[in-house]
Structures are given as structure tokens and as C-alpha cells.
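A short write-up of the structure that comes next.
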Amino acid sequence: MSTAEHAADRLAVGFIGLGNMGKPMARRLLEWPGGLTVCDVRPEAILPFVEAGATGVGDAAELGAKADVIGVTVVDDAQVREVVIGRRGILRTARPGTVIAVHSTISDRTAEQLAVVCAEQAVEFVDAPVSGGAGAAKAGTLAVMVGGTADAVDRIRQPFSSFANLIVHAGPVGAGTRMKLARNLLHFVSFTAATEAQRLAEAAGLDIAALGKVVRHSDAVTGGPGAIMLRDNTAAIDPEDFWFSIFSHVRTLGEKDLTLAVELGDRLGVPLPLASLGLDGLGRGLGVVPAVDQEDRAS
């Protein structure tokens, strides 16, 4: 173990918010060498952690005096502001060099504003939303998207590895939240597309539970939408580029299947707005729009 790693594992960690996500994340920190201090508005949420060896405190200010790295998993922007800069917030007692990491999905502007206030006291603020759900938190396999300075990210990397096996430095403060919003856009639009697919299948007299089994089975193999997220930009792909033939093949298959699905929906009287949008935008999104299409758009 390097000197830096040895110093990192002595950092005292604090955690505020022991709900659906915070609880399993904090439980992964119970064995953290530097010790764990927890805080929640519900005493009954703190008790199991104290019984397992953590220190429990009554408010964010008390926790701020004890911890070097503090994770915050509360409900919304208002609660984040309260625990960070409120009357009994972390900043009332936090020492210079403390890192406050907010795992809640908040506005990127809120993150930027709080970072400015924290910097006035030489405290680092990072937005560090997570992806993977409570199951991944329990297993220690969350993904964390961090917006903040490189020094702050280095400081939190080792303790966060207790509950995450992917930690991405997205950029400056606010970038972690922006990455989470982009990731969740895909998540929930995909959910909406799933409901559209179910309506089509139901109208066709199919067992939609069986359809769900097929989707989960095949997505586990293909990787779902993430399977095409392999490029480092969204520009049109040069025909000589390695990806051109691959994504052109995806476009050909996708447009064929979407066309058939839209036609089926028309026959069954089932509106499929996302399928129609997908048919119109797939090629452009993949970056493999043929020259004729480009001329049509320019005219």
C-alpha cells in the first residue's frame, strides 16, 4: 500500500441520510478503517449502525466536526441545502479540507452554488450521484459520477470504493449531476418505450409477461442501449471510420424492424410515437446518415 493509500484509509467518513439508498451505501462503510459516523432525522435508522460499531450523531453540524469525507443522501435540493449550509449544517463545523459529497440527484446549479459557499471555508464540495439502485449499493457495485476537483476525487476514491466499483470523474462541480441526468434520460425514455412495446404486444394478443422475459434475457446478453455508446463524440461518422459499417448495420436492422412495428401498430390502431421518432432519428443519432438524407435536410 502506498503512503497516499495508507493516509486515505485513515480518513474519518460521515454519512447523512440512511434511507433506501443511503442505508446500504453506509452499511458498506461499517468496516472502513478510519471509522464511520452516521446521521439521520430518524433515531431508529441510526440505531442499527451504532450497534454495528458506528458513531451516531444528532445533526449535520455534529457530524461535520468528526468527518473528513461526508456522503449526503437526502431527498432533494432543499434538504441538501439544509444539511450543508443550514443553521445546524455541515459548514458550521467542517474543517478546511473536508470533502462533502452529495449523492442525491439535485440541480447542477444547486451543486455549483453550494461549491462556491463551501470554498469560502476551504471545504470541497462534489456532486456525486450514483447509478445502480439499492441492489448495487448492497453489493458494492454502484457507479458514481463525480463533479469536482481532481484533488477531491482522489480523496474520496478509496472510501467510495466500499460501495462502488465504477467511479467516474465527470468534470468540474455540476458535471456529475449532468451525467446522471443524461444517464437517467436514457433509463426513463427506455421505460416509456417499454410501455409502448407492451401496448403493441397486448393489442396483438401476446403475453406481455413473456415479452418481458425475452427483453430481460436478450438485454443481459447484448447490453441493451449501452451497447451502442462506444464513441467519444456524436458527429457524423466518416465512411472510412471503423464504426461506420457497424453502425450502418445497426441502422439497417433498426429501421427495418421499426418500420414493421409502426406498420403493425397502424393496423392494430395502437399509436407508437416513440417508435416513429426512433425511425426518423436513428440514422442521424448513430451518425450514419446517407448523403441523400443529408441533402434532403439541407434543402
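The values are calculated or read from the model by the stated rules, or taken from the named source; none is laboratory data. Computed from a prediction, not measured in an experiment: that's the story for all the values here. As a convention, Cβ positions derive from the backbone with ideal geometry for all residues, glycine included, and neighbour counts pool all protein chains shown. Note: accessible area is taken over every heavy atom of the protein model, side chains too, but ligands, DNA and RNA are not part of it. Shrake-Rupley method; radii C 1.70, N 1.55, O 1.52, S 1.80 Å.
For this structure, a couple of remarks:
- Matching residues, segment 109-134, being more than 20 Å from Phe160 (Cα to Cα) and not in a loop (DSSP other than H, G, I, E, B): Arg109, Thr110, Glu112, Gln113, Leu114, Val116, Val117, Cys118, Ala119
- Whenever a residue of segment 239-252 is at pLDDT below 95, its partners that are assigned to a helix (DSSP H, G or I) and open to solvent by 60 Å² or more (accessible area, probe 1.4 Å), lying with C-beta atoms within less than 7 angstrom and at least six residues away or across chains, give the pairs Val250/Ile228.
- Scanning segment 226-261 for residues being open to solvent by 70 Å² or more (accessible area, probe 1.4 Å) and either out of contact with any Phe, Trp or Tyr (no Cβ under 9 Å at 6 or more places or on another chain) or part of a helix (DSSP H, G or I) (or both) gives a total of 16.
- Selection status of Pro225, under 22 Å from Phe191 (Cα atoms) and at pLDDT below 95: yes
- Residue in segment 135-151 that is part of a helix (DSSP H, G or I), in contact with a strand residue (DSSP E or B) (Cβ under 6 Å, 6 or more places away or on another chain) and buried (at least 23 other Cβ atoms within 10 Å of the Cβ) present: no
- Options Val189, Val221: the member that is assigned to a helix (DSSP H, G or I) and out of contact with any Leu (no Cβ under 9 Å at 6 or more places or on another chain): Val221
- Only a single item in (1) free of Cβ contacts under 8 Å to residues at least 60 places away in the same chain; (2) among the basic types (Lys, Arg); (3) within 19 Å of Gly147 (Cβ to Cβ) is not met by Arg109, and it is number (1).
- Set Pro33, Pro96: member being surrounded by fewer than 19 Cβ atoms within 10 Å (Cβ to Cβ) and either within 24 Å of Ala164 (Cα to Cα) or of a type in the set (Ser, Thr, Tyr) (or both): Pro33
- Residues of segment 193-218 classified as open to solvent by 70 Å² or more (accessible area, probe 1.4 Å) and not in a loop (DSSP other than H, G, I, E, B), total: 7
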